[in-house]
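One structure below.
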Amino acid sequence: MQNTMRSYSSKIEEIRRKEYGYLNNVTYLDHAGCTLYPTSLMHRYAQDLTSNLFGNPHSASPSSMLSSERVETVRSRVLKFFNASPEHFDLVFVANATAGIKVVMDGFRDLEGGYWYGYHRDSHTSLVGVREHAKASQCFQSDDEVDNWISTPSTPEDDAITKLVAYPAQSNMNGRRSPLKWCGQIRKKKSNAYTLLDAAAFLTTGCLDLSNHEDAPDFICMSFYKIFGFPDLGGLIVRKSSADVLTKRKYFGGGTVQMVITIGPAWHSKRKEVHESLEDGTLPFHNIVALGHAMDVYAELYGSPKQVSAHASGLAKAAYDRLSNLRYSNGAPVCEIYKDDRSSYKDATTQGPTVAFNICRSDGSWVGKSKVEEAAIRNNIHIRSGGVCNPGGVSTVLQLNSLEMKKNFDAGMVCGDKHDLMAGRPTGIVRISFGAMSSMDDVEKFISFVEQTYVYWSMMENNGSMPMLRAEGQLQPTPAGFASRVSLGEKVKKGGFKSILRNITGRSHITA
(Lines give C-alpha, C1' and ligand atoms only; values in the text may rest on other atoms or scores of the structure.)
Protein backbone atom coordinates (compact mmCIF):
# COMPACT_ATOMS: atom_id res chain seq x y z
CA MET A 1 0.00 0.00 0.00
CA GLN A 2 2.84 2.40 0.80
CA ASN A 3 4.27 1.92 -2.67
CA THR A 4 0.83 2.62 -4.16
CA MET A 5 0.51 5.71 -2.00
CA ARG A 6 3.90 7.00 -3.12
CA SER A 7 2.95 6.28 -6.73
CA TYR A 8 -0.33 8.19 -6.36
CA SER A 9 1.31 11.18 -4.69
CA SER A 10 4.19 11.27 -7.15
CA LYS A 11 1.78 11.18 -10.09
CA ILE A 12 -0.67 13.76 -8.78
CA GLU A 13 0.43 16.41 -11.29
CA GLU A 14 0.07 13.91 -14.13
CA ILE A 15 -3.38 12.92 -12.84
CA ARG A 16 -4.40 16.56 -12.67
CA ARG A 17 -3.14 17.25 -16.17
CA LYS A 18 -4.94 14.27 -17.72
CA GLU A 19 -8.14 14.25 -15.68
CA TYR A 20 -8.74 17.82 -14.51
CA GLY A 21 -7.52 19.99 -17.36
CA TYR A 22 -10.67 22.08 -17.04
CA LEU A 23 -9.19 23.69 -13.94
CA ASN A 24 -7.23 26.03 -16.26
CA ASN A 25 -4.91 27.41 -13.57
CA VAL A 26 -7.75 27.60 -11.04
CA THR A 27 -6.84 26.74 -7.45
CA TYR A 28 -9.88 24.83 -6.19
CA LEU A 29 -10.14 24.64 -2.40
CA ASP A 30 -13.79 23.75 -1.74
CA HIS A 31 -13.74 19.96 -1.72
CA ALA A 32 -15.91 19.90 1.42
CA GLY A 33 -18.62 21.40 -0.77
CA CYS A 34 -18.04 19.20 -3.81
CA THR A 35 -14.96 17.42 -5.05
CA LEU A 36 -14.00 17.39 -8.75
CA TYR A 37 -14.99 14.86 -11.40
CA PRO A 38 -12.32 13.24 -13.60
CA THR A 39 -12.62 13.62 -17.36
CA SER A 40 -12.32 9.88 -17.99
CA LEU A 41 -15.41 9.30 -15.83
CA MET A 42 -17.47 11.57 -18.06
CA HIS A 43 -16.13 9.90 -21.19
CA ARG A 44 -16.94 6.40 -19.93
CA TYR A 45 -20.39 7.47 -18.82
CA ALA A 46 -21.14 9.10 -22.17
CA GLN A 47 -19.87 6.02 -24.00
CA ASP A 48 -22.10 3.77 -21.91
CA LEU A 49 -25.20 5.91 -22.48
CA THR A 50 -24.59 6.12 -26.23
CA SER A 51 -23.94 2.38 -26.53
CA ASN A 52 -26.79 0.98 -24.42
CA LEU A 53 -30.52 1.53 -24.00
CA PHE A 54 -31.60 2.14 -20.42
CA GLY A 55 -35.33 2.14 -19.67
CA ASN A 56 -37.46 2.84 -16.61
CA PRO A 57 -36.68 0.05 -14.12
CA HIS A 58 -40.40 -0.39 -13.31
CA SER A 59 -40.97 -2.63 -16.32
CA ALA A 60 -39.97 -5.97 -17.82
CA SER A 61 -38.62 -4.81 -21.18
CA PRO A 62 -34.96 -5.54 -22.03
CA SER A 63 -34.04 -1.86 -21.58
CA SER A 64 -35.77 -1.79 -18.20
CA MET A 65 -34.14 -5.02 -17.09
CA LEU A 66 -30.72 -3.63 -18.04
CA SER A 67 -31.35 -0.60 -15.82
CA SER A 68 -32.56 -2.80 -12.95
CA GLU A 69 -29.49 -5.01 -13.25
CA ARG A 70 -27.13 -2.04 -13.18
CA VAL A 71 -28.93 -0.48 -10.21
CA GLU A 72 -28.64 -3.62 -8.11
CA THR A 73 -25.02 -4.19 -9.13
CA VAL A 74 -24.08 -0.66 -8.09
CA ARG A 75 -26.06 -1.02 -4.86
CA SER A 76 -24.00 -4.08 -3.96
CA ARG A 77 -20.76 -2.34 -4.93
CA VAL A 78 -21.49 0.65 -2.72
CA LEU A 79 -22.10 -1.60 0.29
CA LYS A 80 -18.85 -3.41 -0.47
CA PHE A 81 -17.04 -0.04 -0.73
CA PHE A 82 -17.90 0.53 2.93
CA ASN A 83 -17.36 -3.11 3.99
CA ALA A 84 -21.08 -3.29 4.78
CA SER A 85 -22.40 -6.84 4.58
CA PRO A 86 -25.73 -7.06 2.69
CA GLU A 87 -26.80 -9.43 5.45
CA HIS A 88 -26.82 -6.52 7.90
CA PHE A 89 -27.16 -3.39 5.74
CA ASP A 90 -29.20 -2.07 2.85
CA LEU A 91 -28.66 1.00 0.66
CA VAL A 92 -31.46 3.40 -0.23
CA PHE A 93 -30.72 5.70 -3.17
CA VAL A 94 -31.79 9.31 -2.54
CA ALA A 95 -31.15 12.71 -4.11
CA ASN A 96 -28.46 13.78 -1.62
CA ALA A 97 -27.51 13.56 2.05
CA THR A 98 -30.30 15.94 3.07
CA ALA A 99 -32.86 13.75 1.31
CA GLY A 100 -31.51 10.78 3.28
CA ILE A 101 -31.94 12.71 6.51
CA LYS A 102 -35.54 13.47 5.54
CA VAL A 103 -36.25 9.78 4.92
CA VAL A 104 -35.14 9.05 8.47
CA MET A 105 -37.17 11.97 9.81
CA ASP A 106 -40.29 10.75 7.98
CA GLY A 107 -40.05 7.40 9.72
CA PHE A 108 -39.63 8.86 13.19
CA ARG A 109 -42.28 11.53 12.64
CA ASP A 110 -44.92 8.87 12.03
CA LEU A 111 -44.19 6.91 15.22
CA GLU A 112 -47.04 6.75 17.68
CA GLY A 113 -46.00 8.81 20.67
CA GLY A 114 -43.43 10.74 18.64
CA TYR A 115 -39.73 10.81 19.44
CA TRP A 116 -37.00 12.67 21.32
CA TYR A 117 -34.17 14.11 19.25
CA GLY A 118 -30.59 14.89 20.26
CA TYR A 119 -28.09 16.53 17.92
CA HIS A 120 -24.53 17.81 18.17
CA ARG A 121 -23.75 21.53 17.90
CA ASP A 122 -21.52 20.85 14.86
CA SER A 123 -24.49 19.53 12.90
CA HIS A 124 -25.22 20.70 9.38
CA THR A 125 -28.42 22.73 9.06
CA SER A 126 -30.15 19.68 7.55
CA LEU A 127 -29.63 17.73 10.77
CA VAL A 128 -30.78 20.63 12.91
CA GLY A 129 -34.06 20.83 10.99
CA VAL A 130 -35.10 17.35 12.16
CA ARG A 131 -35.86 18.84 15.60
CA GLU A 132 -38.96 20.56 14.20
CA HIS A 133 -40.87 17.27 14.12
CA ALA A 134 -39.61 15.93 17.46
CA LYS A 135 -41.72 16.12 20.62
CA ALA A 136 -38.61 17.37 22.41
CA SER A 137 -35.01 18.00 21.40
CA GLN A 138 -31.61 18.78 22.86
CA CYS A 139 -28.53 20.31 21.29
CA PHE A 140 -25.36 18.77 22.73
CA GLN A 141 -23.02 21.74 23.00
CA SER A 142 -19.85 19.65 23.41
CA ASP A 143 -18.49 16.14 23.18
CA ASP A 144 -18.53 16.00 26.97
CA GLU A 145 -22.27 16.55 26.96
CA VAL A 146 -22.69 13.60 24.59
CA ASP A 147 -20.47 11.40 26.76
CA ASN A 148 -22.34 12.42 29.90
CA TRP A 149 -25.71 11.71 28.30
CA ILE A 150 -24.56 8.27 27.19
CA SER A 151 -23.16 7.36 30.62
CA THR A 152 -26.09 8.71 32.66
CA PRO A 153 -28.48 5.88 33.66
CA SER A 154 -31.93 6.24 32.13
CA THR A 155 -35.20 6.14 34.03
CA PRO A 156 -37.99 3.73 33.00
CA GLU A 157 -39.86 6.74 31.61
CA ASP A 158 -36.86 7.67 29.47
CA ASP A 159 -36.47 4.12 28.20
CA ALA A 160 -40.05 4.13 26.95
CA ILE A 161 -39.44 7.10 24.66
CA THR A 162 -38.06 6.49 21.17
CA LYS A 163 -34.88 8.48 20.74
CA LEU A 164 -32.86 9.57 17.72
CA VAL A 165 -29.34 10.96 18.15
CA ALA A 166 -27.68 12.59 15.15
CA TYR A 167 -24.24 14.03 14.59
CA PRO A 168 -21.75 14.64 11.78
CA ALA A 169 -18.85 12.27 11.27
CA GLN A 170 -16.96 15.42 10.28
CA SER A 171 -17.85 19.05 10.86
CA ASN A 172 -18.43 20.71 7.50
CA MET A 173 -17.21 23.94 9.13
CA ASN A 174 -13.71 23.16 10.40
CA GLY A 175 -13.20 19.47 9.59
CA ARG A 176 -13.24 18.30 13.21
CA ARG A 177 -14.04 14.57 13.23
CA SER A 178 -16.42 13.22 15.85
CA PRO A 179 -15.99 9.89 17.69
CA LEU A 180 -17.61 7.13 15.65
CA LYS A 181 -17.70 5.00 18.81
CA TRP A 182 -20.74 6.91 20.06
CA CYS A 183 -23.05 4.84 17.87
CA GLY A 184 -22.12 1.53 19.46
CA GLN A 185 -22.10 3.05 22.94
CA ILE A 186 -25.61 4.47 22.52
CA ARG A 187 -26.93 1.12 21.29
CA LYS A 188 -25.48 -0.69 24.30
CA LYS A 189 -26.34 1.83 27.02
CA LYS A 190 -29.57 3.49 25.90
CA SER A 191 -32.86 1.68 25.37
CA ASN A 192 -35.05 2.46 22.38
CA ALA A 193 -32.37 4.76 20.90
CA TYR A 194 -31.19 5.05 17.30
CA THR A 195 -28.28 6.90 15.71
CA LEU A 196 -28.09 8.92 12.50
CA LEU A 197 -24.60 9.68 11.18
CA ASP A 198 -24.17 12.49 8.66
CA ALA A 199 -21.16 11.23 6.70
CA ALA A 200 -21.38 13.69 3.79
CA ALA A 201 -18.38 15.91 4.63
CA PHE A 202 -16.43 13.01 6.14
CA LEU A 203 -16.56 10.82 3.06
CA THR A 204 -14.90 13.42 0.84
CA THR A 205 -11.63 11.95 2.12
CA GLY A 206 -12.58 9.80 5.12
CA CYS A 207 -12.64 6.01 5.45
CA LEU A 208 -15.91 4.50 6.70
CA ASP A 209 -15.65 0.83 7.65
CA LEU A 210 -18.94 -0.89 8.53
CA SER A 211 -17.52 -4.38 8.94
CA ASN A 212 -18.49 -4.30 12.64
CA HIS A 213 -22.26 -4.11 12.27
CA GLU A 214 -22.88 -4.27 16.02
CA ASP A 215 -21.21 -0.89 16.63
CA ALA A 216 -22.26 0.73 13.36
CA PRO A 217 -24.71 3.63 13.09
CA ASP A 218 -28.34 2.73 12.45
CA PHE A 219 -28.61 5.21 9.58
CA ILE A 220 -25.84 6.83 7.51
CA CYS A 221 -26.49 9.57 4.94
CA MET A 222 -24.05 10.59 2.21
CA SER A 223 -23.68 12.47 -1.07
CA PHE A 224 -21.70 10.59 -3.71
CA TYR A 225 -20.61 13.75 -5.52
CA LYS A 226 -18.58 14.64 -2.43
CA ILE A 227 -16.62 11.39 -2.86
CA PHE A 228 -16.37 11.03 -6.64
CA GLY A 229 -17.30 14.48 -8.01
CA PHE A 230 -20.14 12.98 -10.05
CA PRO A 231 -22.98 11.95 -10.16
CA ASP A 232 -25.29 14.23 -8.16
CA LEU A 233 -26.73 11.41 -6.10
CA GLY A 234 -27.07 10.48 -2.45
CA GLY A 235 -27.40 7.36 -0.36
CA LEU A 236 -28.85 6.25 2.96
CA ILE A 237 -27.30 3.12 4.42
CA VAL A 238 -29.72 1.44 6.81
CA ARG A 239 -28.85 -1.14 9.44
CA LYS A 240 -31.44 -3.83 8.71
CA SER A 241 -32.12 -4.62 12.37
CA SER A 242 -33.14 -0.96 12.81
CA ALA A 243 -35.09 -0.59 9.58
CA ASP A 244 -38.55 -1.21 11.07
CA VAL A 245 -38.69 2.32 12.45
CA LEU A 246 -38.42 3.65 8.87
CA THR A 247 -40.55 1.12 7.01
CA LYS A 248 -43.52 1.89 9.28
CA ARG A 249 -43.82 5.39 7.85
CA LYS A 250 -47.30 6.25 6.59
CA TYR A 251 -46.45 7.72 3.19
CA PHE A 252 -45.89 5.49 0.19
CA GLY A 253 -44.94 6.36 -3.36
CA GLY A 254 -44.83 4.66 -6.72
CA GLY A 255 -42.75 1.50 -6.60
CA THR A 256 -42.80 1.13 -2.81
CA VAL A 257 -46.06 -0.85 -2.60
CA GLN A 258 -47.18 -4.28 -3.82
CA MET A 259 -50.85 -3.35 -4.07
CA VAL A 260 -52.99 -0.24 -3.56
CA ILE A 261 -56.79 0.05 -3.39
CA THR A 262 -58.02 3.54 -4.21
CA ILE A 263 -61.75 2.98 -4.80
CA GLY A 264 -63.54 1.76 -1.73
CA PRO A 265 -61.88 1.12 1.64
CA ALA A 266 -58.31 2.51 1.54
CA TRP A 267 -55.77 -0.27 1.72
CA HIS A 268 -52.22 -0.93 0.57
CA SER A 269 -49.43 -3.46 1.05
CA LYS A 270 -45.83 -2.26 1.18
CA ARG A 271 -42.85 -4.01 -0.34
CA LYS A 272 -40.73 -6.00 2.06
CA GLU A 273 -37.10 -5.13 1.21
CA VAL A 274 -35.83 -2.02 3.00
CA HIS A 275 -34.78 -0.13 -0.12
CA GLU A 276 -37.89 -1.18 -2.02
CA SER A 277 -40.15 0.27 0.67
CA LEU A 278 -38.27 3.59 0.86
CA GLU A 279 -37.26 4.46 -2.72
CA ASP A 280 -40.28 6.47 -3.80
CA GLY A 281 -40.97 6.82 -7.51
CA THR A 282 -38.59 6.07 -10.35
CA LEU A 283 -34.98 5.91 -9.28
CA PRO A 284 -32.43 8.27 -10.88
CA PHE A 285 -31.19 5.21 -12.75
CA HIS A 286 -28.96 7.11 -15.17
CA ASN A 287 -27.12 8.66 -12.21
CA ILE A 288 -26.78 5.24 -10.61
CA VAL A 289 -25.22 3.95 -13.85
CA ALA A 290 -22.76 6.85 -13.64
CA LEU A 291 -21.94 5.94 -10.03
CA GLY A 292 -20.65 2.56 -11.17
CA HIS A 293 -18.20 4.24 -13.53
CA ALA A 294 -17.25 6.76 -10.83
CA MET A 295 -16.22 3.96 -8.50
CA ASP A 296 -14.14 2.33 -11.24
CA VAL A 297 -12.24 5.52 -12.09
CA TYR A 298 -11.73 6.40 -8.41
CA ALA A 299 -10.10 3.02 -7.75
CA GLU A 300 -7.86 3.34 -10.81
CA LEU A 301 -6.68 6.85 -10.00
CA TYR A 302 -6.46 6.84 -6.21
CA GLY A 303 -6.57 3.25 -5.04
CA SER A 304 -8.60 3.49 -1.84
CA PRO A 305 -10.13 6.02 0.56
CA LYS A 306 -7.22 5.41 2.94
CA GLN A 307 -4.75 6.69 0.37
CA VAL A 308 -6.92 9.70 -0.40
CA SER A 309 -7.19 10.44 3.32
CA ALA A 310 -3.43 10.29 3.85
CA HIS A 311 -2.76 12.51 0.84
CA ALA A 312 -5.35 15.18 1.68
CA SER A 313 -4.47 15.18 5.38
CA GLY A 314 -0.84 15.90 4.58
CA LEU A 315 -1.82 18.91 2.48
CA ALA A 316 -4.18 20.23 5.16
CA LYS A 317 -1.47 19.97 7.81
CA ALA A 318 0.93 21.92 5.59
CA ALA A 319 -1.69 24.64 5.03
CA TYR A 320 -2.57 24.78 8.73
CA ASP A 321 1.08 25.03 9.77
CA ARG A 322 1.81 27.77 7.24
CA LEU A 323 -1.26 29.84 8.10
CA SER A 324 -0.60 29.44 11.82
CA ASN A 325 2.92 30.80 11.41
CA LEU A 326 2.05 33.82 9.28
CA ARG A 327 2.86 37.05 11.17
CA TYR A 328 2.89 40.74 10.42
CA SER A 329 6.05 42.71 11.00
CA ASN A 330 4.78 43.68 14.47
CA GLY A 331 4.37 40.01 15.39
CA ALA A 332 0.57 39.99 15.17
CA PRO A 333 -0.95 36.81 13.67
CA VAL A 334 -2.53 37.05 10.24
CA CYS A 335 -5.12 34.33 10.83
CA GLU A 336 -7.46 33.33 13.62
CA ILE A 337 -7.82 29.58 12.99
CA TYR A 338 -10.84 27.72 14.36
CA LYS A 339 -9.43 24.31 15.23
CA ASP A 340 -11.08 22.24 17.93
CA ASP A 341 -8.91 21.57 20.97
CA ARG A 342 -9.52 17.83 20.61
CA SER A 343 -8.42 17.60 17.01
CA SER A 344 -4.94 17.43 15.50
CA TYR A 345 -3.81 17.80 11.90
CA LYS A 346 -1.38 14.97 12.68
CA ASP A 347 -4.28 12.58 13.37
CA ALA A 348 -6.82 11.91 10.59
CA THR A 349 -9.19 10.25 13.07
CA THR A 350 -9.73 13.62 14.77
CA GLN A 351 -9.27 16.13 11.94
CA GLY A 352 -10.26 16.18 8.28
CA PRO A 353 -8.50 18.17 5.53
CA THR A 354 -10.33 21.44 6.20
CA VAL A 355 -9.05 24.71 7.67
CA ALA A 356 -11.51 27.33 8.95
CA PHE A 357 -10.28 30.82 9.83
CA ASN A 358 -10.67 34.57 9.59
CA ILE A 359 -8.00 37.08 8.59
CA CYS A 360 -6.94 39.97 10.83
CA ARG A 361 -5.03 43.11 9.96
CA SER A 362 -1.83 44.02 11.71
CA ASP A 363 -3.76 46.25 14.14
CA GLY A 364 -6.03 43.36 15.17
CA SER A 365 -9.10 44.47 13.20
CA TRP A 366 -10.92 41.95 11.04
CA VAL A 367 -10.95 41.56 7.28
CA GLY A 368 -14.49 40.65 6.18
CA LYS A 369 -15.07 37.10 5.02
CA SER A 370 -16.63 38.15 1.71
CA LYS A 371 -13.72 40.52 1.06
CA VAL A 372 -11.31 37.62 1.42
CA GLU A 373 -13.38 35.50 -0.95
CA GLU A 374 -13.67 38.31 -3.49
CA ALA A 375 -9.89 38.80 -3.39
CA ALA A 376 -9.40 35.04 -3.82
CA ILE A 377 -11.73 34.98 -6.82
CA ARG A 378 -9.71 37.71 -8.52
CA ASN A 379 -6.69 35.44 -8.16
CA ASN A 380 -8.49 32.33 -9.53
CA ILE A 381 -8.79 30.72 -6.10
CA HIS A 382 -12.08 29.05 -5.18
CA ILE A 383 -12.88 28.93 -1.46
CA ARG A 384 -16.00 29.05 0.75
CA SER A 385 -17.02 31.76 3.17
CA GLY A 386 -19.97 32.57 5.42
CA GLY A 387 -21.95 30.40 7.81
CA VAL A 388 -21.32 27.27 5.65
CA CYS A 389 -24.68 25.76 6.75
CA ASN A 390 -23.29 25.03 10.22
CA PRO A 391 -25.06 27.44 12.58
CA GLY A 392 -23.98 25.80 15.83
CA GLY A 393 -20.33 25.38 14.92
CA VAL A 394 -19.93 28.88 13.50
CA SER A 395 -21.70 30.62 16.40
CA THR A 396 -19.53 28.68 18.85
CA VAL A 397 -16.16 29.58 17.32
CA LEU A 398 -17.24 33.20 16.80
CA GLN A 399 -18.60 33.32 20.37
CA LEU A 400 -22.01 34.56 19.28
CA ASN A 401 -24.87 33.69 21.62
CA SER A 402 -28.49 33.36 20.53
CA LEU A 403 -29.38 36.94 21.52
CA GLU A 404 -26.49 38.33 19.49
CA MET A 405 -27.44 36.23 16.47
CA LYS A 406 -31.05 37.40 16.63
CA LYS A 407 -29.83 40.97 17.00
CA ASN A 408 -27.68 40.54 13.88
CA PHE A 409 -30.68 39.12 12.03
CA ASP A 410 -32.85 42.06 13.05
CA ALA A 411 -30.10 44.34 11.75
CA GLY A 412 -30.30 42.73 8.32
CA MET A 413 -27.96 39.73 8.46
CA VAL A 414 -29.14 36.60 6.65
CA CYS A 415 -27.39 33.53 5.28
CA GLY A 416 -25.33 34.32 2.19
CA ASP A 417 -25.22 38.09 2.60
CA LYS A 418 -22.18 40.35 2.82
CA HIS A 419 -22.69 41.63 6.35
CA ASP A 420 -19.17 40.55 7.23
CA LEU A 421 -18.80 42.44 10.49
CA MET A 422 -21.46 43.43 12.98
CA ALA A 423 -20.68 45.20 16.24
CA GLY A 424 -17.03 44.90 15.16
CA ARG A 425 -17.08 41.09 15.11
CA PRO A 426 -17.12 38.54 12.26
CA THR A 427 -20.43 36.98 11.29
CA GLY A 428 -18.90 34.04 9.43
CA ILE A 429 -15.70 32.24 8.53
CA VAL A 430 -13.42 31.49 5.58
CA ARG A 431 -12.93 27.82 4.73
CA ILE A 432 -10.45 25.94 2.56
CA SER A 433 -10.65 22.18 2.08
CA PHE A 434 -8.61 19.61 0.18
CA GLY A 435 -9.48 16.48 -1.78
CA ALA A 436 -8.07 13.55 -3.71
CA MET A 437 -6.77 15.65 -6.60
CA SER A 438 -5.42 18.55 -4.53
CA SER A 439 -1.69 19.18 -4.68
CA MET A 440 1.03 20.97 -2.73
CA ASP A 441 0.92 23.61 -5.44
CA ASP A 442 -2.61 24.44 -4.27
CA VAL A 443 -1.27 25.00 -0.78
CA GLU A 444 1.58 27.17 -2.03
CA LYS A 445 -0.69 29.32 -4.19
CA PHE A 446 -3.12 29.95 -1.37
CA ILE A 447 -0.41 30.81 1.14
CA SER A 448 1.23 33.08 -1.42
CA PHE A 449 -2.14 34.77 -2.00
CA VAL A 450 -2.55 35.47 1.73
CA GLU A 451 1.03 36.70 2.06
CA GLN A 452 0.84 39.05 -0.89
CA THR A 453 -2.68 40.31 -0.32
CA TYR A 454 -2.30 41.00 3.39
CA VAL A 455 1.18 40.46 4.84
CA TYR A 456 3.42 42.06 2.17
CA TRP A 457 1.11 44.93 1.40
CA SER A 458 0.69 45.76 5.08
CA MET A 459 4.46 45.64 5.48
CA MET A 460 5.00 47.98 2.54
CA GLU A 461 2.31 50.41 3.67
CA ASN A 462 3.78 50.61 7.15
CA ASN A 463 7.24 50.96 5.63
CA GLY A 464 6.07 53.80 3.38
CA SER A 465 7.37 51.91 0.35
CA MET A 466 4.16 51.33 -1.59
CA PRO A 467 0.73 52.93 -1.87
CA MET A 468 -2.23 50.87 -0.67
CA LEU A 469 -5.49 50.41 -2.55
CA ARG A 470 -8.48 50.53 -0.21
CA ALA A 471 -12.23 50.12 -0.59
CA GLU A 472 -14.57 50.42 2.36
CA GLY A 473 -11.64 50.04 4.70
CA GLN A 474 -10.65 46.62 3.34
CA LEU A 475 -7.32 45.61 1.83
CA GLN A 476 -7.76 45.01 -1.87
CA PRO A 477 -5.43 43.22 -4.31
CA THR A 478 -5.20 44.81 -7.72
CA PRO A 479 -7.38 43.25 -10.43
CA ALA A 480 -4.32 42.33 -12.46
CA GLY A 481 -3.30 39.87 -9.75
CA PHE A 482 0.07 38.96 -8.37
CA ALA A 483 2.19 40.13 -11.27
CA SER A 484 0.99 43.73 -11.01
CA ARG A 485 1.73 43.78 -7.31
CA VAL A 486 5.26 42.56 -7.86
CA SER A 487 5.82 45.14 -10.62
CA LEU A 488 4.81 47.87 -8.21
CA GLY A 489 7.65 46.64 -6.04
CA GLU A 490 10.07 48.44 -8.31
CA LYS A 491 9.63 51.27 -5.83
CA VAL A 492 11.42 49.09 -3.31
CA LYS A 493 15.05 48.29 -3.81
CA LYS A 494 15.45 44.69 -4.86
CA GLY A 495 17.81 43.75 -2.07
CA GLY A 496 15.79 45.55 0.58
CA PHE A 497 12.57 43.91 -0.56
CA LYS A 498 14.10 40.46 -0.39
CA SER A 499 15.45 41.22 3.03
CA ILE A 500 12.00 42.22 4.28
CA LEU A 501 10.43 39.06 2.84
CA ARG A 502 13.12 36.93 4.42
CA ASN A 503 12.53 38.48 7.83
CA ILE A 504 8.79 37.87 7.66
CA THR A 505 8.50 34.53 5.88
CA GLY A 506 11.96 32.98 5.89
CA ARG A 507 11.93 33.17 2.06
CA SER A 508 13.39 35.73 -0.30
CA HIS A 509 10.96 35.20 -3.19
CA ILE A 510 7.28 35.20 -3.96
CA THR A 511 5.62 32.15 -5.50
CA ALA A 512 2.78 33.39 -7.67
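The values are calculated or read from the model by the stated rules, or taken from the named source; none is laboratory data. Worth saying up front: this structure is predicted, and the values here are computed from it rather than measured. With ideal geometry, Cβ positions are generated from the backbone for all residues, glycine too; neighbour counts draw on all protein chains shown.
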Do you know which of the residues in region 382-395 that are of a type in the set (Val, Ile, Thr) and either closer than 8 Å to Gly428 by Cβ or modelled with pLDDT under 95 (or both) is farthest from the chain's Cα centre (by Cα)? Val394
Quick one: would you say Ala266 is free of Cβ contacts under 8 Å to residues at least 40 places away in the same chain, more than 17 Å from Ala436 (Cα to Cα), more than 21 Å from the chain's Cα centre (by Cα) and crowded, with 20+ Cβ neighbours inside 10 Å? no
Filtering region 320-333 down to residues that are polar (S, T, N, Q) and without any contact (Cβ under 8 Å) to a residue 24 or more places away in the chain, which residue is surrounded by the fewest Cβ atoms within 10 Å (Cβ to Cβ)? Asn325
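Conditions tested, residue by residue: (1) within 24 Å of the chain's Cα centre (by Cα); (2) closer than 16 Å to Pro426 by Cβ; (3) in the same structural domain as Gly175 (by TED's automatic domain parsing).
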{"site": "Asn325", "(1), (2), (3)": "no, no, no"}
{"site": "Pro333", "(1), (2), (3)": "no, yes, no"}
{"site": "Ala348", "(1), (2), (3)": "yes, no, no"}
{"site": "Cys360", "(1), (2), (3)": "no, yes, no"}
{"site": "Ser370", "(1), (2), (3)": "yes, yes, no"}
{"site": "Glu373", "(1), (2), (3)": "yes, yes, no"}
Selected residue (only one of Val165, Val146 is β-branched (Val, Ile, Thr), within 29 Å of Glu336 (Cβ to Cβ) and at pLDDT 95 or above): Val146
Out of (1) in a helix (DSSP H, G or I); (2) crowded, with 22+ Cβ neighbours inside 10 Å; (3) within 27 Å of the chain's Cα centre (by Cα), what's the single condition that is false for Ser67? (3)
Of all residues in region 91-126, which are farther than 15 Å from Val165 by Cβ and among the β-branched types (Val, Ile, Thr)? Val92, Val94, Thr98, Val103, Thr125
So which residues in region 144-171 are acidic (Asp, Glu) and closer than 18 Å to Lys188 by Cβ, if there are any at all? Asp147, Asp158, Asp159
Considering region 412-453 alone, what residues qualify as being at pLDDT 95 or above and either on the phi > 0 side of the Ramachandran plot or among the aromatic types (Phe, Trp, Tyr) (or both)? Phe434, Phe446, Phe449
Residue identified as more than 14 Å from Asp218 (Cα to Cα), of a type outside the set (Ser, Thr, Tyr) and either touching a residue at least 40 places away in the same chain (Cβ under 8 Å) or assigned by TED's automatic domain parsing to the domain that holds Ala169 (or both) among Val92, Val104, Val71: Val71
Considering Glu72, Glu87, which residue is modelled with pLDDT of 95 or more and outside any helix (DSSP H, G or I)? Glu87
Quick check: is even one residue across region 303-319 more than 29 Å from Leu203 (Cα to Cα), more than 19 Å from the chain's Cα centre (by Cα) and surrounded by fewer than 20 Cβ atoms within 10 Å (Cβ to Cβ)? no
Picking from Arg109, Arg75, Arg70, which residue would you name as being within 30 Å of Asp280 (Cβ to Cβ), basic (Lys, Arg) and touching a strand residue (DSSP E or B) at 6+ places or on another chain (Cβ under 6 Å)? Arg75
Hits in region 208-226 (condition: over 18 Å from Phe434 (Cβ atoms) and assigned to a helix (DSSP H, G or I)): His213, Glu214, Asp215
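For region 276-289, which positions are in contact (Cβ under 8 Å) with a residue 24 or more places away in the chain and either surrounded by fewer than 20 Cβ atoms within 10 Å (Cβ to Cβ) or among the aromatic types (Phe, Trp, Tyr) (or both)? I'd like the intermediate steps shown before the answer.
The first filter runs over region 276-289 and keeps only residues in contact (Cβ under 8 Å) with a residue 24 or more places away in the chain, leaving 277-289.
Of everything in region 276-289, those that are in contact (Cβ under 8 Å) with a residue 24 or more places away in the chain and either surrounded by fewer than 20 Cβ atoms within 10 Å (Cβ to Cβ) or among the aromatic types (Phe, Trp, Tyr) (or both) turn out to be Asp280, Gly281, Thr282, Pro284, Phe285, His286.
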Could you tell me which residue of region 123-158 is farthest from the chain's Cα centre (by Cα), considering only residues that are under 16 Å from Gly393 (Cβ atoms) and hydroxyl-bearing (Ser, Thr, Tyr)? Ser142
Filter region 195-207 down to the residues that are of a type in the set (A, V, I, L, M, F, W, C) and assigned to a strand (DSSP E or B) and list them by number. Leu196, Leu197
Please note which helices (runs of 4 or more DSSP H) are completely contained in region 232-323 and include at least 2 residues that are modelled with pLDDT of 95 or more and within 29 Å of Glu14 (Cβ to Cβ). 285-302
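Within region 369-455, considering only helices (runs of 4 or more DSSP H) that don't extend past its boundaries, which have at least 3 residues that are touching a residue at least 12 places away in the same chain (Cβ under 8 Å) and closer than 22 Å to Ala200 by Cα? It would help to see each step written out before you state the result.
Details: elements: 369-378, 391-397, 402-410, 440-450.
Per the criteria, 391-397.
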